[in-house]
Amino acid sequence: MSLFVDIRKKLGNFYLDVCIETKNDVLGLLGASGSGKSMTLKCIAGIEKPDEGKIILNGITLFDCAKRINLPPQKRKVGYLFQNYALFPNMNVRQNILCGMHGEKDKTTKEHTLAKILEMTQLQGFEKHRPHELSGGQQQRVALARILVGSPNLLMLDEPFSALDSQLRARLQIDMREMLKEFGKSVLMVTHDRTEAYRLCHQIALVDKGKILAQKSTKALFADPESREAALMTGCKNIMDAEKTGEYELFVPAWGIHLTTALPIRAGLTAVGIRAHYFNSRTNHNRYPVRCVEIIEEPFENIFQFRYEQQDENTPNIWWHVPKDRMPRAPYEVGIAPQNVLPLYG
Amino acid sequence: MDMFPLLNSLRVAALSSVIVFFLGIFAAFYVSKLNRIAKGIVDVLLTLPLVLPPTVIGYFLIITVGARRPIGMFLGEFGIRFVMTWYGGVLAAVVIAFPLMYRTARGAFESFDETLAYSGKTLGLSNSYIFWKIRMPYCRQGILAGLVLAFARALGEFGATVMLIGYTPGRTATISTTVYHLWRIGDDSGALRWVMINLCISAVVLLAVNMLERKNKRAVIR
């Protein structure tokens with residue numbers, strides 16, 4: 001069970017050049033809108049045709065430009081959950097789900113599968129409802145049920161939670177995680193929400209302007225994003241130019257401080273990244289006196305904006321998200337554990 | 001009273017509506033997928049009959065399918081004659097009513113959410129299933145409106161019809177040509193009778209449309 005994608009496609013000024021690979025995992029495509037994530041899914045589904053390249057799913061070639069293979073979407077066995085769920089408005093829940101197994105001719109098998117999926121997605125009693133009579137979460141479950149009854153070899157989710165309100169979102173993400181575990185085959189998920197990606201994906205591929213910046217396991221990516229873009233896309237708030245000064249030491253001229261790292265620093269270091277959650281007033285590592293500029297109160301934490309004493313005036317304030325019970329006291333001194341100093345290259 | 005004009009009008013309008021329905025839908029479907037420039041050009045050509053005077057269309061039809069014209073002669077070989085026959089009336093009505101069906105259907109198709117078709121394809125549904133069971137029901141309102149407009153236009157067709165098939169009582173007479181003929185020979189009461197019949201048909205058609213729409217709405221609410 002594996003997916004291999006290596007495709008290129010030109011769209012006006014936009015050039016999509018994507019190479020990803022996954023084995024029985026949940027792979028997240030994380031990137032800003034317009035970065036080519038959805039286009040990649042469309043190419044895999046066969047809705048769009050790449051200019052060149054290859055798409056291979058479980059050893060079956062779905063697309064190969066050189067061999068002139070281009071299976072129609074109907075033959076690819078790829079489940080595609082659209083952002084708006086794309087339920088057929090003229091059909092009720094039952095008819096919508098039956099559309100997913102129109103290839104099955106045996107009536108009793110059909111009814112059996114239908115009953116099973118309705119139970120799994122907790123949609124019993126809604127068979128006769130039309131899509132517009134359902135809540136966003138129910139619509140999503142109908143769309144998933146409709147896909148799963150066709151037992152696809154790959155499941156693709158396009159921003160699956162963007163149409164839902166934030167309260168529902170977190171709960172459905174947990175439900176979805178269970179569902180994906182049960183599905184047990186390769187899953188591709190497109191998202192611009194890094195929390196969502198972190199919750200659901202084993203691996204993450206960062207997409208920026210049609211290119212894959214990096215593909216790594218989720219934890220490794222957040223722990224060591226390696227590049228400026230990757231640090232930004234994983235939500236790193238404080239990024240500044242830096243110079244290598246030792247095997248485990250770097251200097252940040254604009255902040256006027258030296259920092260020690262846990263990761264060995266390679267040649268070619270250009271910047272350092274420090275996540276807003278990772279400052280600490282109790283650690284003695286990388287500890288320097290700072291000047292508080294502003295404290296912004298949020299529901300469960302405060303944003304403590306500060307500057308180092310020697311900090312260049314033309315650089316932005318540094319952000320620190322502090323839990324309310326951990327607020328530092330003046331005179332302020334802030335430290336950073338070495339494993340939280342992210343060396344960035346390129 | 002000779003009821004031939006009523007029967008003839010109805011069969012001409014019904015037959016041409018059926019033809020226009022399919023022609024219009026397929027033209028609309030394919031044009032809505034064209035790129036912008038090609039769409040502009042094809043659109044002008046297909047909509048032209050709507051803005052040209054019907055007599056001009058009639059003229060074009062005569063010089064195309066007339067008995068001594070190449071196409072007319074070719075069709076004559078198979079015994080098909082459009083001049084002075086009732087199915088010539090169908091041809092005229094089709095050409096005149098086509099743009100109404102085509103334009104309304106195209107508007108409906110362009111408002112279709114294409115992701116529905118995409119999701120249908122990834123679910124393994126055939127293209128014809130998607131077209132007839134998903135796209136058509138989604139665009140039902142617009143298509144129905146186009147069909148009604150086309151039927152009404154075909155029923156009332158006069159200019160092109162009279163040029164191509166003239167007025168022969170019992171053979172090519174339609175309601176509209178009969179009204180004109182009776183009025184011209186001074187039979188005002190005869191003309192009025194046919195006017196009233198025409199009014200009744202139009203009212204019935206509009207009533208049917210309204211009832212259909214209400215039924216659709218109820219189906220959605222349920």
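The values are calculated or read from the model by the stated rules, or taken from the named source; none is laboratory data. Because the structure is predicted, anything quoted here is derived from the model rather than measured. Cβ: placed from backbone, ideal geometry, glycine included. Neighbour counts: every protein chain shown. What goes into the accessible areas is simple: the full protein's heavy atoms, side chains included, and nothing from ligands, DNA or RNA. Shrake-Rupley method; radii C 1.70, N 1.55, O 1.52, S 1.80 Å.
A few comments on the model shown:
- Which listed residue is touching a strand residue (DSSP E or B) at 6+ places or on another chain (Cβ under 9 Å) and open to solvent by 70 Å² or more (accessible area, probe 1.4 Å), from A:301, A:309, A:226, A:247: A:309
- Helices (runs of 4 or more DSSP H) enclosed by the range B:1-101 - at least 2 residues per element that are open to solvent by 40 Å² or more (accessible area, probe 1.4 Å) and modelled with pLDDT of 90 or more: B:4-31, B:36-51, B:54-65
- Taken over the range A:117-148, the criterion of being closer than 26 Å to residue A:37 by Cβ and of a type in the set (Val, Ile, Thr) is satisfied by A:121, A:142, A:147.
- Condition check for residue A:58: within 13 Å of chain B (Cβ to nearest Cβ), out of contact with any Asp or Glu (no Cβ under 6 Å at 6 or more places or on another chain) and farther than 21 Å from residue A:17 by Cα: no
- Identity of the residue in the range A:174-227, of a type in the set (Gly, Ala, Ser) and not in a helix (DSSP H, G or I), that ends up farthest from residue A:238 (Cα to Cα): A:184
- Of the residues making up the range B:107-133, those that are more than 7 Å from every other protein chain (Cβ to nearest Cβ) and charged (D, E, K, R) are B:110, B:113, B:114, B:133.
- Residue B:185 vs. criteria without any contact (Cβ under 8 Å) to a residue 40 or more places away in the chain and over 15 Å from the mean Cα position of the chain (by Cα): yes
- Failed item, numbered, when residue A:273 is tested on (1) surrounded by 17 or more Cβ atoms within 10 Å (Cβ to Cβ); (2) more than 32 Å from the chain's Cα centre (by Cα): (2)
- Scan of the range A:121-149 for residues that are away from every other protein chain (no Cβ under 13 Å) and open to solvent by 40 Å² or more (accessible area, probe 1.4 Å), ordered by number: A:122, A:124, A:125, A:126, A:127, A:135, A:141
- Yes/no for residue A:116 being within 13 Å of chain B (Cβ to nearest Cβ), open to solvent by 50 Å² or more (accessible area, probe 1.4 Å) and either at pLDDT 90 or above or under 28 Å from the mean Cα position of the chain (by Cα) (or both): no
- Output for the range B:81-95, where each listed residue is farther than 14 Å from residue B:163 by Cβ and of a type in the set (A, V, I, L, M, F, W, C): B:86, B:90, B:94
- Residue within the range A:62-82 that is within 29 Å of residue A:49 (Cβ to Cβ), of a type in the set (Phe, Trp, Tyr), part of a loop (DSSP other than H, G, I, E, B) and within 14 Å of chain B (Cβ to nearest Cβ) present: yes
- From the options A:330, A:337, residue that is open to solvent by 50 Å² or more (accessible area, probe 1.4 Å) and of a type in the set (Gly, Ala, Ser): A:330
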